[in-house]
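J.: Quick one: this structure, given as structure tokens, is what I'll be asking you about.
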Amino acid sequence: MAATIEETFQRPVGELLRGWRERRRLSQLELANQVEVSTRHVSFVETGRSKPSREMVLRLAEHLDVPLRDRNQLLLAGGYAPIYSEASLHSPSMLAIRTTLRRLLKAHEPYPALVVDRWWNIVEANAGIQIFTADVDEQLLKAPINALRLTLHPDGLARRLGNLAEVRAAALAGLQRQVASTADPELEDLYDELREYAAGDKPVHPGPTEVVVPMNLRHEGHDLSLLTTIATFGTPLDVTVSELMIESFYPADEPTAEFLRGLS
């Protein structure tokens, strides 16, 4: 069972850092060379024989590509105050971020676009998302709406997907990488839930000529084909901002583009 946040705080900072190093598949020597310290020092930090300074915790976290949320946890475990804020997206300090997101989403219409948090809960969306929310179980539309659950649940978008197996395989592979990268127990639980939806399915592998997995969606008697991209904010200093992902959908063919333009 994955450790809770409270249990994580109780673990020594050296043990947490060793966990992140092993997750990134780096040896002590490789990490030491990147941070420009001795392998002996990295070893002493990990075993608790040496207490790392605040600056050393942050340097190690930077080279280990530790998410901002978890950098705060490392600082707390080392006896230091967190340095990264975690403001609500609806707080006054986030007005500029909210305005930027809404402009991006509006500019992308009539094509669908949405903003999700670290756990794939939808926090903002444009009018184009209606093609995804039509004819799904009302329980899946209760806040917070989880984008992956909405897509893969048997009572959600899944029943209108012409290539469900391929979409599900791609989504699970991406989520599995995210779980491995963050060690987030909530994401791990989400992955286990979504994988249960596919119980009994045969593994799906991409064909030799495929370069990307489209979403083939049946909507109002039309067969739509969509491609998706994910964008994030560069150089964030707030936990909430660092975890936001903007998912934008584009028509993969002209009939889909024409249909979506007609919706506007």
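Read-outs throughout are calculated quantities, based only on the coordinates presented, and are distinct from any laboratory measurement. Remember, predicted model here, so these are calculated numbers, not experimental data. A quick note on method: Cβ atoms are made from the backbone with ideal geometry, for glycine too, and the neighbour counts reach across all protein chains shown.
J.: Cut-off is 10 Å between beta-carbons; in what order do R25, R218 appear when sorted fewest neighbours first? Spell out each step's value before the answer.
T.: On the way: R25 7, R218 13.
Taking fewest neighbouring Cβ atoms as first place, the list is R25, R218.
J.: Antiparallel versus total DSSP beta bridges in the chain: what percent is that, nearest 5? Provide the component values of the computation, followed by the final result.
T.: Working: 20 of 21 bridges.
Bridges in the chain that DSSP calls antiparallel: roughly 95 percent.
J.: By count of other Cβ within 10 Å, fewest leading, how are L263, L141 ordered? Spell out each step's value before the answer.
T.: Values: L263 15, L141 12.
Least to most surrounded, the residues fall as L141, L263.
J.: Could you quote the convex hull projected area for segment 5-77, Cα atoms only and averaged over all directions, in nm²? Could the numbers behind the result be given before it?
T.: Numbers: hull surface 16.7 nm².
Dividing the Cα hull surface by four gives the mean projection, 4.2 nm².
J.: With charges only on Cβ, +1 for K and R and -1 for D and E, what is the dipole size of the chain about its Cα centre, in debye, rounded to 20? Before the final figure, lay out the partial values.
T.: On the way: 28 positive and 37 negative charges, 172 e Å.
That gives a dipole near 820 debye.
J.: Also, quick follow-up: When the C-alpha atoms of the chain are aligned to their principal axes, what extent does each axis show, in angstrom, from largest down?
T.: 67, 47, 34
J.: How far apart, in nanometres, would the label points at A81 and R59 be if each is projected 7 angstrom from Cα along the Cα-to-Cβ direction?
T.: It is 2.3 nm.
J.: Further question: So how do L244, L172 line up by other beta-carbon neighbours within 10 Å, fewest first?
T.: Numbers: L244 20, L172 17.
Lowest to highest Cβ neighbour count: L172, L244.
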